[in-house]
Amino acid sequence: MSATVIVGAQWGDEGKGKITDILAETADAVVRYQGGSNAGHTVVVDGDEFKLHLIPSGILHEEALCIMASGTIIDPICMRDEIEALRERGVSCNNLRVSVNAHVIMPYHRLLDGLQEEARGHDSIGTTRRGIGPTYTDKTSRMPESIRMVDLLDDSRLRSLIEAQLAEKNVIIEHLYGGEPVTVDAVFDEIAPTLDVIRPHIADVRDDIRRVLEEGHLVLEGAQGTFLDLDYGTYPFVTSSHPVAGGACLGTGVGPTEIDEVIAIVKAYTTRVGAGSFPTELNDEAGERLRSRGYEFGTTTGRPRRCGWLDGVALRTASELNSATSIAITKLDVLDAEETIKIAVAYEINGKRYERMPENLDMLDHATPIYEEMPGWQQPLSEMSSPDEMPTEAWEYVQRIATLAECDIWGISVGPARAQTIML
Ligand code: IMP
């Protein structure tokens, strides 16, 4: 009956996991549509913290289906580890389904990701080294020996595909990068013990998605963020999939006219991990403050995130690229102590004013943000539960963000717990 897309409006780490978790309470299925174990979401339930990289945060709601659709890529070792860790904490994972068509990240994809990054030297992308680029490369190059989840159901087929893939990969590993060749036995022996745990979850998920679309509420959850999109992000400093809302259609088989709502998740300031342009980046005390107050360190890699003021130009562009119907503002409480808060409302590039990101994203390296300053509220927001309780300065900041995004506000997050959310 309805489908909602959750999309990151910045460079990832906007807090999508928490918002998905709230929506999952009333959803019939939560479906992840792209990416793999490069993601990282932390959800807090009754004070208990869950860190997940691959499995969507919807897994905590056992009455809803939790689906990894065909646009995702799956690392079987990570999947087994997350299922076992969740089970140890009382989450059954019986509701988890992974598409037969999702491609599989093998240990040599992770190895190649690292070798490619080393070889790029100063020009490295700063990937998570989880094998994302090499796996999507195999998928799009249509290698007959690319491994999909369905291939994990048959031991002898899996072994022969590994053998066929390694025939090519070992040439690259050895002769291009000077690495040690990988043996078929070593790879098979690493994957084989995961199979008993993951096989029961491999399924034809399209029927499930269709049924929920007809009878219930479907939440389609994106990983990463708009400006890490392969086509619309700051190429080449992007991921190898499509985090934008359109990616939800590609990755799940739900057509565009069946999407009712697109909630763009916007952190109240900006962060980025890895290399690439970042016009509002702060390399000063204010940036340090945001990093330590927001605990801005990568969930997957532990790397300190680059921090800066909210980029209204990026937000306006993201809102359009995703056809956002509303925004959820996250981590507003991180700004509690600021005396003055800045928002970039335009860029100046070579003497010209830009209100949207230029399509030639190389120009971003020369962008000087034009800032608007707003007074801070200098009091804690984390206990507030309705807009009426919010200080005027905080409310005005939130309204300014909504004006820049040109859409309504769905909710405001003022702390990591589910209850710390001001709904509108
Ligand atoms: P990859 O997806 O591991 O290939 O990394 C490509 C770029 O996307 C790098 O700059 C990563 O830091 C970034 N990236 C990948 N996943 C995430 C995420 O979940 N949050 C933020 N950045 C990410």
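Percent antiparallel among DSSP beta bridges with both residues in the range 266-423, to the nearest 5? Intermediate values should be presented prior to the final figure.
Details: 19 of 27 bridges.
Approximately 70 percent, going by the DSSP bridge assignments.
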Practice problem: Please work out how much length the chain gains when fully extended from Glu49 to Asp154, using 0.36 nm per residue of separation minus the C-alpha to C-alpha distance, in nm with one decimal. | Solution: 34.2 nm
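Order the following by accessible area, largest value first: Lys18, Lys352, Lys267. Probe radius 1.4 Å; ligands, DNA and RNA are ignored.
On the way: Lys18 25, Lys352 120, Lys267 0 Å².
The residues order as Lys352, Lys18, Lys267, largest area first.
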Quiz item: For the range 18-112, with every protein chain kept in place, what is the accessible area per residue (1.4 Å probe, Å²)?
Solution: 29
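Could you work out the helix-only [θ] at 222 nm for the chain, with each DSSP H run of four or more residues adding -39,500 (n - 2.57) and the total divided by the number of residues, to the nearest 500 deg cm²/dmol? List each step's numbers first, then the result.
Working: 11 runs with 128 residues, N = 424.
Calculated mean residue ellipticity at 222 nm is -9500 deg cm²/dmol.
Please state the charge dipole magnitude for the range 268-360, taken about the Cα centre, from unit charges on C-beta atoms (+1 on K and R, -1 on D and E), reported in debye and rounded to the nearest 20.
On the way: 13 positive and 14 negative charges, 55 e Å.
Result for the range 268-360 is approximately 260 debye, rounded to the nearest 20.
Just to make sure I understand: if all protein chains stay in place, what is the order of Asp333, Asp196, Asp204 by accessible area at 1.4 Å, largest first?
Asp196, Asp204, Asp333
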Quiz item: At Ser292 and Leu195, where each label point lies 7 Å from the Cα along Cα→Cβ, what is the point-to-point distance in nanometres?
Solution: 5.2
Self-check item: Heavy-atom accessible surface of the chain: percent carbon and sulfur, 1.4 Å
Solution: 48
Self-check item: Under Karplus coefficients 6.51, -1.76 and 1.60, residue-wise ³J(HN,Hα) of the range 289-299 in Hz, glycine/proline x
Solution: 4, 4, 5, 7, 5, x, 6, 8, 10, x, 5
Quiz item: Counting DSSP beta bridges with both partners in the chain, what percentage is antiparallel, nearest 5?
Solution: 40
Quiz item: In µm²/s, what is D for the chain at 10 °C and 1.306 mPa s, where D = kT/(6 pi eta Rh) by Stokes-Einstein and Rh is the Kirkwood radius from Cα pairs?
Solution: 72
Exercise. Return the aspartates and glutamates within reach of Lys16: Cα separation strictly under 12 angstrom, same-chain partners fewer than 8 residues apart disregarded; answer none if there are no such residues.
Key: Glu221
Exercise. Round to a whole angstrom and tell me the spacing of the C-alpha centers of the range 120-161 and the range 346-401.
Key: 39
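With all protein chains present and a 1.4 Å probe, how do His366, His41 order by accessible area, largest first? Working shown, then result.
Working: His366 115, His41 20 Å².
So the residues, ranked largest to smallest area, are His366, His41.
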Self-check item: Rough spin-label spacing in nm, given labels placed 7 Å along Cα→Cβ, for Met423 and Arg210
Solution: 3.3
Quiz item: Averaged over all directions, how much area does the convex hull of the C-alpha atoms of the range 103-196 cover when projected, in nm²?
Solution: 6.0
Exercise. Would you mind listing how long the range 323-424 runs along its three principal axes, going by Cα atoms, in whole Å with the largest first?
Key: 45, 32, 20
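What fraction of the DSSP beta bridges in the range 264-331 is antiparallel, stated in percent and rounded to the nearest 5? List each step's numbers first, then the result.
Details: 5 of 9 bridges.
Around 55 percent of the beta bridges assigned by DSSP in the range 264-331 are antiparallel ones.
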Practice problem: Enter the accessible area of Ile125 (Å², nearest 10), with the probe set to 1.4 Å and all protein chains included. | Solution: 30
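Kindly state, to the nearest 0.05, the FRET efficiency for Glu339 paired with Glu258, given R0 = 51 Å and r defined as their beta-carbon distance.
On the way: r = 47 Å, r/R0 = 0.91.
In this case the efficiency is close to 0.65.
With charges only on Cβ, +1 for K and R and -1 for D and E, what is the dipole size of the range 103-196 about its Cα centre, in debye, rounded to 20? List each step's numbers first, then the result.
Numbers: 10 positive and 17 negative charges, 81 e Å.
That gives a dipole near 380 debye.
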Quiz item: Using a cut-off of 23 Å between alpha-carbon atoms, which lysines can reach Lys352, once sequence neighbours fewer than 8 places away in the same chain are excluded?
Solution: Lys342
Practice problem: Could you please state, rounded to a whole Å, how far the C-alpha centre of the range 252-329 is from the C-alpha centre of the range 6-47? | Solution: 14
Quiz item: In nm, to one decimal, how far is the modelled label at Arg89 from the one at Ala186, with both set 7 Å along Cα→Cβ?
Solution: 3.3
Quiz item: So which residue, out of Ser70, Ser141, Ser277, gets the largest mean-square fluctuation from a GNM of the chain using Cα contacts under 10 Å as springs?
Solution: Ser141
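The values are calculated or read from the model by the stated rules, or taken from the named source; none is laboratory data. Since the model is a prediction, treat every value here as computed from it, not as a measurement. Backbone-built Cβ (ideal geometry, glycine too); neighbour counts: all protein chains shown. Keep in mind that these areas ignore ligands, DNA and RNA; they rest on the heavy atoms of the full protein, side chains included. Shrake-Rupley method; radii C 1.70, N 1.55, O 1.52, S 1.80 Å.
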